[in-house]
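The values are calculated or read from the model by the stated rules, or taken from the named source; none is laboratory data. Keep in mind that what you see is a predicted model, and the values were worked out from it rather than measured. Cβ sites come from the backbone with ideal geometry, for glycine too, and all protein chains shown count toward neighbours.
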Amino acid sequence: MMLCAFSLARKFVVELAAFAAFGYWGRERRPAATRRLATAPRMGFEVAIVGVATIALLVAGAPATAAVLAVLVANEHRAAA
């Protein structure tokens, strides 16, 4: 049982490292935007993406995590406005 837990923890750390590597690579390779999307459409797009993620968490049976995500995003958008 301990070996299984260690194996899962190791896999989780490797997946986090992969996400970090992709984030770093994307930051270094991103194209320079010549113009930025207007605030209203951009916020609508962001809310839609986070809404889908929140619904996915609810469907997956993680309502507390979905609530935390929704509150964090709402606070971020309120602070940006």
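Output the residues belonging to the range 51-79 that are exposed (fewer than 10 other Cβ atoms within 10 Å of the Cβ) and not in a helix (DSSP H, G or I).
Within the range 51-79, G61 is the sole residue that qualifies.
Would it be correct to say that G23 is over 20 Å from R78 (Cα atoms) and not assigned by TED's automatic domain parsing to the domain that holds R78? Outline the logic, then answer.
Working: over 20 Å from R78 (Cα atoms): yes; not assigned by TED's automatic domain parsing to the domain that holds R78: yes.
In short, yes.
Being at pLDDT below 85, at negative phi and not hydroxyl-bearing (S, T, Y) narrows it down to one residue among V47, V52; which is it? First the steps, then the outcome.
Details: V52 fails: at pLDDT below 85.
Residue meeting the stated conditions: V47.
In the range 32-67, what residues are among the β-branched types (V, I, T), more than 17 Å from R78 (Cα to Cα) and in contact with a helix residue (DSSP H, G or I) (Cβ under 7 Å, 6 or more places away or on another chain)?
Of everything in the range 32-67, those that are among the β-branched types (V, I, T), more than 17 Å from R78 (Cα to Cα) and in contact with a helix residue (DSSP H, G or I) (Cβ under 7 Å, 6 or more places away or on another chain) turn out to be T54, T65.
So which residues in the range 35-50 are exposed (fewer than 13 other Cβ atoms within 10 Å of the Cβ) and in a helix (DSSP H, G or I), if there are any at all? Spell out how you get there, then give the answer.
First, pick out the residues of the range 35-50 that are exposed (fewer than 13 other Cβ atoms within 10 Å of the Cβ): 35-42, 44-45, 48-49.
Across the range 35-50, the qualifying residues are T39, A40, P41, R42, G44, F45, A48, I49.
Of all residues in the range 5-29, which are under 18 Å from the mean Cα position of the chain (by Cα) and modelled with pLDDT under 80? Step through it out loud before you land on a result.
Going through the range 5-29, the residues under 18 Å from the mean Cα position of the chain (by Cα) turn out to be 12-27.
Result: W25, G26, R27.
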